[in-house]
Amino acid sequence: MRNIKFAATYFIQMSKKSWILAESEVRKLLHDPTELVTRAIQPILWLGIFGEALSKVRAIPTGDYSYMQFITPGILTQSVVFIAIFYGLNIIWERDMGLLQKLLVTPTPRLSLVLGKMGSAGIRGLAQAVIVFLFALVLGVPLILTPQSIFWVVIIVLLGAGFFTGLSMIIASIVKTRERFMGIGQVITLPLFFASSAIYPITIMPLWLQYVAYLNPLSYMVDALRSLLVSGSLANLSMDLAILAGVTIAVSVTSAYMYPKVVV
Amino acid sequence: MQDDNLISVHALKKQFSDVTAVDGISFNVKHGNVFAFLGPNGAGKSTTIKMLITLLAPTSGSATIDGLDIVRDSAEVRRRIGYVPQLISVDGTLTAYENLVLMARLYDIPAHACDARAKEILSFLELEDHRESLVRTFSGGMIRRLEIGQAMVHRPKALFLDEPTSGLDPVARQHVWENILELRKTYGTTIFFSTHQMEEADGMSDEVAIMNMGKVAIIGSPDEIKAKTGIPDANLEDAFIFFTGANLKEGGNFRDTRRSRQVEHRLG
């Protein structure tokens, strides 16, 4: 009974503090929203130039759907992941500034500091989703945008942003300096992107790369978004969700344990 | 006597692989005192502070703050202390008011009371006119004062300040100290600060501890410490050199130097 009470108190504290921290991140974004505009450029270039060019040559087999339909969920995933994967840099910067030390001395559960950052990345990811959807509509790409599909897209984007933010914080707590993090960030981001079904189907990859792609959580994010926005066949959605939720919980706990060490 | 002490440190030790950063130190800090912590770079000051504020677990020994163990009761200790790092710890992309409210909420001050608390602190620090300004537009002295405000938002019993006036000009430095001493007067807060400014430690503190190579070399009031050197008309800098054998202008590794210069640069 005592344990249940303790767990309930911890859960309430953890949720409340995560919300407070994520909300303060939104305030920062509202004070200076230029970041949203600059971040919009990359997905627009991928869709407008890369996507349009590859649509013309019809080099990639995408089944019953156009290449633009195929690539739109992939580009959304890529832009969310690219935001999240550099959050580790943010905690190294906060450590260098002294902000992190001050937060760690407050009675805030470690997990809240992780979930606050994940929420912040999620909100930026959702802003990217709005931009990608609007641009896809401008280009005339047919997408399934119903209240139900949008609801699940929000969940998938939050989970995906959460997973890659947590992963990034774990890396930051190991490498500890901005310079090393930048190096590693560059090394892992593109392989994650290319070893997934974001811009081409897994079936056209060499066999060894297919195995890598199946181990890559990014593939499950793309698969879920593609089912929701393009095919409408939701047979794999629960598996995609379960995998994304599982890996996100795992990195959250690991990150909450590891990243306070970045201050030492 | 134990009741007089807010902070009690007993045989506290921190070992990093083969380096002993803090080597079994013991001392007490009385309620409401201003306590200065001196020592050359690498003497173990920061490591000691990090242990006392629960950021770092000791290898052995113990310490209590307000009767609470820093390891066993770390969550409760955090509610009783405030911390101002040497580095800049306010968020430049939020306003002064938002920075204070954020801290108040993280310290579990009820939502309806956060606004009043933030306003009270802005008034205390004479920063009301800058309430809605983004902190990145603040001067160095204003930033430091706001940081102190953030650390006292929950009215802690002890305030830990790591080199609070480094990088500030003399006018800003004086203003920061006026605020710190006013804090003690108004709320009875115990002040624990590390510094390299000898005249600051001499003029502001009730007690001084000088650390050297992980140990407390000497502890006492500034006058007692100066008298113990046996040097006629000694100042605290003489005492510092006497007890540590160090010259203030030397010491510090690449990382320390880079950090302190970054802070000075940011504070302008």
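The values are calculated or read from the model by the stated rules, or taken from the named source; none is laboratory data. Keep in mind the model is a prediction, meaning the values are calculated, not measured. Counting neighbours? That spans all protein chains shown, and the Cβs are built from the backbone with ideal geometry, glycine included.
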_Checklist (1) in contact with a Lys or Arg (Cβ under 7 Å, 6 or more places away or on another chain); (2) crowded, with 22+ Cβ neighbours inside 10 Å; (3) away from chain A (no Cβ under 14 Å); (4) of a type outside the set (Lys, Arg) applied to B:Met51, failing item_ = (3)
_Index of the failed condition, A:Phe86 passing every other in (1) at pLDDT below 90; (2) under 17 Å from A:Lys117 (Cβ atoms); (3) within 14 Å of chain B (Cβ to nearest Cβ); (4) within 24 Å of the chain's Cα centre (by Cα)_ = (3)
*Would you point out which residue out of B:Val90, B:Val101 is within 14 Å of chain A (Cβ to nearest Cβ), buried (at least 16 other Cβ atoms within 10 Å of the Cβ) and either in contact with a strand residue (DSSP E or B) (Cβ under 6 Å, 6 or more places away or on another chain) or in a helix (DSSP H, G or I) (or both)?*
B:Val101
_Can you find a residue that is within 14 Å of another protein chain (Cβ to nearest Cβ) and not polar (S, T, N, Q) anywhere in segment A:166-178?_
yes
*How many residues, within segment B:45-76, are within 23 Å of B:Asn99 (Cβ to Cβ), of a type in the set (A, V, I, L, M) and touching a residue at least 12 places away in the same chain (Cβ under 8 Å)?*
2
*In segment A:214-228, what residues are of a type in the set (A, V, I, L, M, F, W, C) and crowded, with 21+ Cβ neighbours inside 10 Å?*
A:Leu218, A:Met221, A:Val222, A:Ala224, A:Leu225, A:Leu228
_Residue in segment B:180-201 that is assigned to a helix (DSSP H, G or I) and within 12 Å of chain A (Cβ to nearest Cβ) present_ = no
*Test result for A:Phe163, within 19 Å of the chain's Cα centre (by Cα), on the phi < 0 side of the Ramachandran plot and modelled with pLDDT of 90 or more*: yes
*Please enumerate the residues belonging to segment B:104-119 that are more than 8 Å from chain A (Cβ to nearest Cβ) and either of a type in the set (A, V, I, L, M) or part of a helix (DSSP H, G or I) (or both).*
B:Ala104, B:Ile109, B:Ala111, B:His112, B:Ala113, B:Cys114, B:Asp115, B:Ala116, B:Arg117, B:Ala118, B:Lys119
*Those helices (runs of 4 or more DSSP H) lying entirely in segment A:73-151 with at least 2 residues more than 22 Å from B:Val135 (Cβ to Cβ) and of a type in the set (S, T, N, Q)*: A:110-138
*A:Ser55 passes all but one of (1) loosely packed, with under 14 Cβ neighbours inside 10 Å; (2) without any contact (Cβ under 8 Å) to a residue 24 or more places away in the chain; which number fails?*
(1)
*segment B:134-162, residues that are away from chain A (no Cβ under 11 Å) and in a loop (DSSP other than H, G, I, E, B)*: B:Phe138, B:Ser139, B:Met152, B:Arg155, B:Lys157
*Output the qualifying pairs, or none if there are none: Cβ atoms under 6 angstrom, residues six or more apart or on different chains, first residue in segment A:94-108 and closer than 16 Å to B:Thr54 by Cα and within 7 Å of chain B (Cβ to nearest Cβ), second residue polar (S, T, N, Q) and in a loop (DSSP other than H, G, I, E, B).*
A:Gly98/B:Ser89; A:Leu99/B:Ser89; A:Lys102/B:Ser89
_Given the criteria assigned to a helix (DSSP H, G or I), aliphatic (A, V, I, L, M) and at pLDDT 90 or above, does A:Val37 qualify?_
no
